[in-house]
Structure formats: structure tokens, C-alpha cells
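Input: a single structure, listed below in C-alpha cells.
The values are calculated or read from the model by the stated rules, or taken from the named source; none is laboratory data. Everything numeric here is computed off the predicted structure, so don't read it as measured data. Glycine also receives a Cβ, built like all others from the backbone with ideal geometry; neighbour counts cover every protein chain displayed. For the accessible areas, the whole protein counts, side chains as well, though only heavy atoms, and no ligand, DNA or RNA atoms are used. Shrake-Rupley method; radii C 1.70, N 1.55, O 1.52, S 1.80 Å.
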Amino acid sequence: MKLDTVAGKKVLITGAAMGLGKLFAARAVREGAAAVMLWDINDTALRETAAELTAAGGTVHTYTVDVSDSDAVATAAAAVRVDAGDIDVLVNNAGIVRGNTYFWETKDRNDIDKTMAINSLAPMYVTLEFLPAMVAGTTEARVLTIASSAGLVHNPRMSVYAASKWAALGWSDSVRIELEQAGHDHVKVTTVCPTYIDTGMFAGAKGFWLTPILDQHKVVDTSWTAMKKGTPLVILPWTSRLNKALSGVLPLKLRDLFLNTVGVYHSMDEFTGRK
């Protein structure tokens, strides 16, 4: 069941103050969403983005939320229901990355906790707040989760991030199947697994064989279109799909040799991240 537009729909986006989240919010405003709920921990950037989108004609609500905190998520979700009622489209976009060290060189265990909480648990916390109403409703509803190609293949110097995205992908696609199994065809789940994107979050990471750093606008365009169509899984670019397929059929040593040779296993060697 295709959703042609989000016009008249209520859309909630996490990690909405900048990067992909801001672009998703702008897309919702351009399509005429009835209301756009912006969640982010960065209050200053959040309000700046809200001002831009309001000036562009959007009806925007902002919520300063630490999505790694389940109690904070519950409080913000309750506020959303007071302000706008149930939502129709949820974009789980918030994420963080730590990298450029081997796992045993980790100095701060909080990096592990935060990465798993924001990338893996937060989409579960947020979706659980809004999915029951989507299921109970009768109109087209969507859940879009931004995972990562790191959730498809193993990659050194980002082991915890990879673990968090494997979890996000496994959870999101399982929920998709549950909805199909239960006959709730009006609710569709889409999971997107891109390689590195030029938002600044992966500053210093290197593209590899036939795989340049992805343009954030193109990633949002592809993800948004797939979400409306109800496409289950999007893997960007095609080389990432190839790497996943080969990883499934090659013996372990040949898989490692291939991924090392094409540069995947060294793509995080010079990672610095967003300052």
C-alpha cells in the first residue's frame, strides 16, 4: 500500500536538528505535513532548524530529548500526544559513532553505553511509544529507521557501532515481519543501510572500491521515497549489497581477503568524526 505524500500527516523525526534529520524534516514541510515534530538533544541547533522550517511554512513542534533515556522518551512522547495527537510517520534517525580505535583500546565505557543506547535502544523506545496507535488506526502509517551498512558486514575500528547497527537492523526488520504476520498492512517499516554519508558525522572515513562517500541529499531522497512506497530494506550503494552477498557465500578467509583488498577493512583508519 503506497503512501503518495505526507501531506496532512503528522511526522516525527529524531536527530532532527542537523544532517539527515533536518533534511527529512524539510522534506516533510515541503510536502505539506500537518505537523512536524523535531526531537534532538542539541537545543540550540534544534531551535534554529525549527525557525527555518517555520519560515518555510511548516507547522513545527520542538522537543529537547535525550533519546538514550527511556524516561525522557516517554515524557517527550506524552508531550507530542498532547500537542498533536498520534503521529503517522516516524523517522528513527538519531545516531552517534565512535571509531578509529581497536575495541581493547576503548578508554571510556560510556562510549559503549551511549552508542548502544542511541543507535539500538532508542529506536525501540521511540517506536514503542507510537506504533501501538499506528496499529490501532486504519490510515497509512510508516516507520523509517536509519541503520547502516555497518550492520551488514564486519568492520574493524568501529566494532561497537557495527554491533549497534546490527541490532537496529535485526529489530527493525523483525518488527516489519511481525506487522505483516499480524495483518496490519497499513503500517509499513523501512530500514535503510547506507555506507558513509557526507554529513560530517563520518569525517575522516574513506570511501572504498567503487564506493565514494554518499551525498546526504541523495540518501534522504532515496530513503523518503522508499518509506512512502513501504519498501522493506534499502542498502546504499550497490557495492554494499554486493559486499553483503559475497560475505554470505565466500569462505571466511576469502571474505576477509576481499573486504580488506577493496578497502572496507581500512575505511575507518583516519576517522575523526564530527568535532
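Can you name every residue in the stretch 199-220 that is farther than 23 Å from residue 101 by Cβ, surrounded by fewer than 22 Cβ atoms within 10 Å (Cβ to Cβ) and touching a helix residue (DSSP H, G or I) at 6+ places or on another chain (Cβ under 8 Å)?
Once the filter is applied, which keeps residues that are farther than 23 Å from residue 101 by Cβ, surrounded by fewer than 22 Cβ atoms within 10 Å (Cβ to Cβ) and touching a helix residue (DSSP H, G or I) at 6+ places or on another chain (Cβ under 8 Å), the stretch 199-220 yields 209, 210, 216, 217.
Yes or no: the stretch 29-46 includes at least one residue that is in contact (Cβ under 8 Å) with a residue 24 or more places away in the chain, open to solvent by 40 Å² or more (accessible area, probe 1.4 Å) and basic (Lys, Arg).
Within the stretch 29-46, one or more residues are in contact (Cβ under 8 Å) with a residue 24 or more places away in the chain, open to solvent by 40 Å² or more (accessible area, probe 1.4 Å) and basic (Lys, Arg).
Output the residues belonging to the stretch 47-60 that are surrounded by fewer than 17 Cβ atoms within 10 Å (Cβ to Cβ) and of a type outside the set (D, E, K, R).
Of the stretch 47-60, the ones surrounded by fewer than 17 Cβ atoms within 10 Å (Cβ to Cβ) are 47-48, 51-52, 54-57, 59.
If the condition is that a residue be surrounded by fewer than 17 Cβ atoms within 10 Å (Cβ to Cβ) and of a type outside the set (D, E, K, R), then 51, 54, 55, 56, 57, 59 are the ones that fit.
Would you mention how many residues in the stretch 221-242 are assigned to a helix (DSSP H, G or I) and touching a Lys or Arg at 6+ places or on another chain (Cβ under 9 Å)?
Qualifying residue count, the stretch 221-242: 5.
Out of the residues in the stretch 93-127 that are assigned to a helix (DSSP H, G or I) and of a type in the set (S, T, N, Q), state the one that is nearest to the chain's Cα centre (by Cα). Walk me through how you get there before you give the answer.
Residues of the stretch 93-127 that are assigned to a helix (DSSP H, G or I), as a first pass: 103-105, 109-127.
Imposing the further condition that a residue be of a type in the set (S, T, N, Q) reduces the set to 110, 115, 119-120, 127.
Numbers: 110: 21, 115: 13, 119: 8, 120: 10, 127: 12 Å.
Among residues in the stretch 93-127 that are assigned to a helix (DSSP H, G or I) and of a type in the set (S, T, N, Q), the one nearest to the chain's Cα centre (by Cα) is 119.
Go through the stretch 47-81 residue by residue and tally those that are of a type in the set (Gly, Ala, Ser), farther than 18 Å from residue 122 by Cβ and in a helix (DSSP H, G or I).
Counting residues in the stretch 47-81 that are of a type in the set (Gly, Ala, Ser), farther than 18 Å from residue 122 by Cβ and in a helix (DSSP H, G or I) gives 3.
Looking only at the stretch 1-31, filter to residues that are over 13 Å from the mean Cα position of the chain (by Cα) and part of a strand (DSSP E or B); which one of those is farthest from residue 220 (Cα to Cα)?
Applying the filter and picking the extreme gives 10.
Of the conditions (1) in contact with an Asp or Glu (Cβ under 8 Å, 6 or more places away or on another chain); (2) in contact (Cβ under 8 Å) with a residue 12 or more places away in the chain, residue 72 fails just one. Which one is it?
Of (1) in contact with an Asp or Glu (Cβ under 8 Å, 6 or more places away or on another chain); (2) in contact (Cβ under 8 Å) with a residue 12 or more places away in the chain, only one is false for residue 72: (2).
Any idea which of (1) over 30 Å from residue 138 (Cβ atoms); (2) touching a helix residue (DSSP H, G or I) at 6+ places or on another chain (Cβ under 9 Å); (3) crowded, with 18+ Cβ neighbours inside 10 Å; (4) of a type outside the set (S, T, N, Q) is the one residue 3 doesn't satisfy?
Residue 3 satisfies all of (1) over 30 Å from residue 138 (Cβ atoms); (2) touching a helix residue (DSSP H, G or I) at 6+ places or on another chain (Cβ under 9 Å); (3) crowded, with 18+ Cβ neighbours inside 10 Å; (4) of a type outside the set (S, T, N, Q) except (1).
What is the number of the single condition among (1) touching a helix residue (DSSP H, G or I) at 6+ places or on another chain (Cβ under 6 Å); (2) open to solvent by 30 Å² or more (accessible area, probe 1.4 Å); (3) of a type outside the set (Lys, Arg); (4) in contact (Cβ under 8 Å) with a residue 40 or more places away in the chain that residue 259 does not meet?
Of everything listed in (1) touching a helix residue (DSSP H, G or I) at 6+ places or on another chain (Cβ under 6 Å); (2) open to solvent by 30 Å² or more (accessible area, probe 1.4 Å); (3) of a type outside the set (Lys, Arg); (4) in contact (Cβ under 8 Å) with a residue 40 or more places away in the chain, residue 259 misses just condition (2).
From 218, 188, which residue is basic (Lys, Arg), assigned to a helix (DSSP H, G or I) and at pLDDT 95 or above?
Residue meeting the stated conditions: 218.
May I ask you to list the residues in the stretch 223-233 that are within 12 Å of residue 27 (Cβ to Cβ) and either open to solvent by less than 20 Å² (accessible area, probe 1.4 Å) or in contact (Cβ under 8 Å) with a residue 12 or more places away in the chain (or both)?
The first filter runs over the stretch 223-233 and keeps only residues within 12 Å of residue 27 (Cβ to Cβ), leaving 223-225, 227-228.
Answer for the stretch 223-233, where residues must be within 12 Å of residue 27 (Cβ to Cβ) and either open to solvent by less than 20 Å² (accessible area, probe 1.4 Å) or in contact (Cβ under 8 Å) with a residue 12 or more places away in the chain (or both): 223, 224, 227, 228.
Considering only the stretch 234-244, state which residues are open to solvent by 60 Å² or more (accessible area, probe 1.4 Å) and either of a type outside the set (Phe, Trp, Tyr) or modelled with pLDDT of 95 or more (or both).
First, the residues of the stretch 234-244 that are open to solvent by 60 Å² or more (accessible area, probe 1.4 Å): 238, 241, 244.
241, 244, listed by residue number.
Can you name every residue in the stretch 128-150 that is within 12 Å of the chain's Cα centre (by Cα) and in a helix (DSSP H, G or I)? Walk me through it before giving the result.
The first filter runs over the stretch 128-150 and keeps only residues within 12 Å of the chain's Cα centre (by Cα), leaving 143-149.
Residue satisfying the conditions is 149 alone.
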